[in-house]
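Take a look at the structure below.
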Amino acid sequence: MLAPLARYGEVTGIDLSPELVEFCHQRGFDRVQVGSAYELPVDDGPVDLITLFDTIEHVPDDERVLRECRRALASGGLLFLSVPAYQFLYANNDRVVHHQRRYTARQLRRKLTAAGLRPTQVTHFNTLLFPAILPMVLAKKVQERFSAPDDTTNLTHGVPGPLNRLLAGTMSSERHVLSRTSLPFGHSIIAIARA
């Protein structure tokens, strides 16, 4: 996400993995450093925007991360984050990618507020594809009860280019609705909160 975000201003990234930070450097993103979301490498309050794309579900103490984001944000600064929805969908795919949890919109709103942030929008997304995703995940969970789990994820299997473009376009089309309202269900949740 570094390249798309760079259109809007100076972008700095952090990652726990030195290998991934080096990969970013090789791609020309010099302002990426090794760091932890528990201790952002900035003073109190200089940051205008923090993005956490599918991040806090991997962290044991998500509330600590949200408090740290609040500390780093300038007054009026924004936090944008995305997380997977619905704990009942937690399956082997989540375990393989080291998810600690999935969320409801209400839980996420509560956590943001407890961290001293003011949620301005908390909404589901990936709503149009959810009716297709839901039975597939539930069927996979049933299968997992009767067979040994493996280390495959939903990214293990290749998707033909035209189908991938169709699915990406379908998911992307929701932005037109989300700019005006929130969606009541979906496979994921996004939130925007102000410091």
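The values are calculated or read from the model by the stated rules, or taken from the named source; none is laboratory data. Remember, it's a predicted structure, so these values are computed and weren't measured experimentally. Cβ atoms come from the backbone with ideal geometry, glycine included; neighbour counts cover every protein chain shown. Surface accessibility is based on the protein's heavy atoms, side chains included, excluding ligands, DNA and RNA. Shrake-Rupley method; radii C 1.70, N 1.55, O 1.52, S 1.80 Å.
Before moving on, here are some points about what is shown:
- Here the ratio of the Cα radius of gyration of the stretch 46-100 to 2.2 N^0.38 Å is 1.30.
- Computed with a 1.4 Å probe over protein heavy atoms only, the accessible surface of the stretch 37-88 comes to 48 Å² per residue.
- The largest accessible area among PHE80, PHE146, PHE185 belongs to the first residue in PHE146, PHE185, PHE80, and the rest follow in falling order (1.4 Å probe, all chains).
- The Stokes-Einstein estimate for the stretch 1-59, based on a Kirkwood radius over Cα pairs and taken at 25 °C with 0.890 mPa s viscosity, is a diffusion coefficient of 198 µm²/s.
- Helix-only mean residue ellipticity at 222 nm for the chain, each DSSP H run of n ≥ 4 adding -39500 (n - 2.57), per residue, nearest 500: -11000 deg cm²/dmol
- Relative compactness, the chain, computed as alpha-carbon Rg over 2.2 N^0.38 Å: 1.08
- Exposure rank, largest accessible area first [CYS24, CYS69; 1.4 Å]: CYS24, CYS69
- For LEU52, the accessible surface of its heavy atoms amounts to roughly 20 Å² (probe 1.4 Å, protein chains only, rounded to the nearest 10).
- A 1.4 Å probe, protein heavy atoms only, puts the accessible area of ARG118 near 130 Å².
- Separation in nanometres of the label points that stand 7 Å from Cα toward Cβ, at ASP151 and ASP43: 4.5
- Of the trypsin sites (Lys or Arg not before Pro) in the stretch 1-103, the ones in a loop by DSSP (not H, G, I, E or B) with at most 15 other beta carbons within 10 Å are ARG7, ARG27, ARG31.
- Assuming charge only on the beta carbon of Lys and Arg (+1) and of Asp and Glu (-1), the dipole of the stretch 1-113 about its Cα centre is about 620 debye to the nearest 20.
- The chain: relative contact order in percent, alpha carbon pairs under 8 Å with at least 6 residues between: 25
- Distance between modelled label sites at GLU144 and ARG194, nm, 7 Å Cα→Cβ extension: 3.9
- The stretch 57-122-the stretch 150-190 distance, computed between alpha-carbon centres (Å): 19
- Sulfur and carbon atoms: percent of accessible area, the chain [1.4 Å]: 58
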